[in-house]
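First comes the structure, then the notes that go with it.
Bear in mind that the values in this text are calculations on the coordinates, not laboratory data. Everything numeric in this text was worked out from a predicted model, so none of it was measured. Don't worry about glycine lacking a Cβ; one is built from the backbone with ideal geometry, like all the others, and counts go over all protein chains shown.
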Amino acid sequence: MKQTTPPPGSPRTYRVKSFGCQMNVYDGERMAELLEADGIAPAPEGEDADLVVLNTCHIREKATEKVYSDIGRIEKAGRKAGKKPMIAVAGCVAQAEGEEIMKRSPGVGMVVGPQAYHRLGDMVGKAAKGERSTDTDMPEDAKFAALPARRKVAPSAFLTVQEGCDKFCTYCVVPYTRGAEISRPYSELLIEAEKLVEAGAREITLLGQNVNAWSGEDDKGRSVGLDGLIRQLDKLPDLQRIRYTTSHPNDMTPGLIAAHGEVGKLMPYLHLPVQSGSDRVLKAMNRSHTAESYLKLLDKFREVRPDIALSGDFIVGFPGETEAEFEETLALIDAVRYSSAFSFKYSPRPGTPAATMEGQIAAEVMDDRLQRLQASLGRDQHAFNTAKVGTVCDVLIERKGRRPGQWLGKSPWLQSVFFEEELAIGDMVRAELVSAGPSSLAGRLVERAPA
Ligand code: 5AD
Ligand code: SF4
């Protein structure tokens with residue numbers, strides 16, 4: 001155990017602001033625990049923190065500009081309060097911009113990349129002495145092993161099993177900011193999962209940029225795929241649900257598909273990004289799957305798990321995308337009937353091949369396509385929710401709702417379900433789904449225990 005009285009000049013309170021994907025949420029939680037292990041407490045709600053960590057995302061839009069304006073805002077609030085908060089920039093913008101942030105923002109004390117944040121404690125120590133530091137290494141040594149044990153665990157917990165990406169889709173910065181694909185060791189993950197469950201997790205979501213590319217070795221040296229890891233986690237008595245995200249169509253294995261029909265705790269939900277329904281665009285994106293091969297893959301999941309909820313990611317306005325090609329994406333959506341999906345306007349990322357491709361699409365065209373795409377996706381999501389009305393399922397209660405007395409949980413298909421009855425975080429209840437809105441359902445308690 002480290003000391004709990006920080007040396008002079010050290011921050012007493014911190015706040016971590018995470019943007020972007022679930023990996024960042026996980027990293028943000030790990031950084032918070034690391035700071036707490038060093039005796040720094042979370043800043044009370046509504047109060048300025050001595051140390052602010054901006055855990056940034058670089059995947060779309062004007063991410064970098066947003067970071068600079070956030071830094072400005074924190075400094076301004078500090079000046080008003082007569083303080084000079086310590087600022088750390090973490091995450092993918094830190095990785096991509098590195099020293100540039102240090103040059104442009106003298107108020108930033110630390111820049112730390114996603115593969116180096118286990119060293120944040122030392123950097124804070126240096127910053128307390130007025131020393132600024134940048135660490136955007138992608139070391140081979142295990143970041144995870146250097147992190148403190150998990151203490152606070154929500155009923156639905158994340159577990160990063162894989163990081164990085166070797167796919168090099170032509171629009172995407174992830175291979176540059178998160179580095180090459182690596183899998184965390186099997187034995188380490190089993191231990192971390194057990195600890196999560198002991199600490200109260202009832203659902204574990206396995207995370208990775210290409211989670212289904214995860215591979216490990218068991219104690220006899222035999223190779224294990226993601227399905228093997230899931231089957232092992234299925235044996236943890238107090239764990240009730242298993243999920244994983246995000247997958248790549250090319251890394252899907254027959255074993256993982258089969259697991260959806262065989263492993264009771266594996267939830268009937270699959271997030272499988274497709275990006276476009278046009279084979280020409282998919283090729284230009286370097287996706288190395290076609291619309292047809294993607295649809296065939298989904299059919300296999302539906303064969304083993306007919307009720308599976310399907311989700312995806314879409315990009316509209318990739319350079320050169322014609323109206324007819326965009327309509328192929330709409331046709332793919334009509335064929336799949338997603339339960340939910342994420343959709344984005346193409347955003348050129350400096351240093352990626354697509355950023356300099358010819359045929360960049362005008363903003364108005366992208367706006368129009370995104371609107372039409374989201375109308376289709378919204379229609380299907382509402383229909384998916386409506387089809388569940390009148391049925392009974394298990395719901396894991398995750399948090400209070402916005403209205404007093406309201407509770408919010410998740411169905412097996414990852415739908416948000418609201419309750420007006422008195423419940424508690426971590427309850428797994430049997431509920432009737434009584435009405436459906438575009439993005440959530442209302443539930444009525446049938447029994448205070450799962451099926
Ligand atoms: N522009 C728009 N969307 C992007 N995504 C990744 N890179 C870009 C980009 N440059 C989307 C993809 C990916 C999701 C995480 O973000 O749909 O699956
Ligand atoms: Fe980016 Fe493609 Fe890798 Fe996904 S698979 S992280 S979109 S490069």
- Tell me, what is the Rg over Rh of the chain, with Rh the Kirkwood radius over Cα pairs? 0.96
- Note on the structure: Net charge (Lys, Arg +1; Asp, Glu -1) of residues whose beta-carbon lies under 9 Å from that of G78, G78 excluded, is +3
- Could you tell me what percent of the DSSP beta bridges with both partners in the chain are antiparallel, to the nearest 5? 35 percent
- Item | Gain upon complete extension [A145, V263; 0.36 nm per residue less C-alpha separation] | 39.6 nm
- Mean projected area (nm²) from the convex hull of Cα positions in region 85-126 is 2.8 nm²
- Please get the size of the charge dipole for region 190-280, origin at its Cα centre, with Cβ charges of +1 on Lys and Arg and -1 on Asp and Glu, quoted in debye to the nearest 20. 180 debye
- Please go through region 226-288 and write out the trypsin sites (Lys or Arg not before Pro) that DSSP classes as loop and that have at most 15 other C-beta atoms within 10 Å. K235
- Item | Set of region 146-184 residues, backbone N closer than 17 Å to the point 7 Å along the Cα-Cβ line of E198 | 147-154
- Item | Residue (of A291, P139, V108) at the positive-pole extreme of the chain, dipole from beta-carbon charges | V108
- Net charge, D50 excluded, C-beta distance under 13 Å - Lys, Arg +1, Asp, Glu -1: +1
- Task: Determine the principal axes of the Cα atoms in region 346-408, then give the extent along each, sorted from largest to smallest and rounded to whole angstroms.
- Result: 52, 24, 21
- Rounded to the nearest 500, what is the 222 nm mean residue ellipticity of the chain from helices alone, with -39500 (n - 2.57) per DSSP H run of 4+ residues and division by all residues? -10000 deg cm²/dmol
- Past the 24 Å Cα-Cα mark, which pairs from K62/K129; K17/K76; K62/K143? K62/K129; K62/K143
- Query: Which Cys residues of the chain have no other Cys beta carbon under 4.7 Å away?
  - Reply: C21, C57, C92, C165, C393
- Query: If you take the charge dipole of the chain about its Cα centre, with +1 on Lys and Arg Cβ and -1 on Asp and Glu Cβ, which of P44, L54, H248 is farthest toward its positive end?
  - Reply: P44
- For the table K152/K345; K66/K410; K152/K400, the rows whose alpha-carbon distance is greater than 26 Å are K152/K345; K66/K410
- Note on the structure: Using alpha carbon centers only, region 86-158 is separated from region 46-75 by a whole-angstrom value of 14 Å
- Per the C-alpha gyration tensor (a ≥ b ≥ c, the square roots of its eigenvalues), region 128-175 is rounded if a/c is under 1.5, else prolate if a/b beats b/c, else oblate; here it's oblate
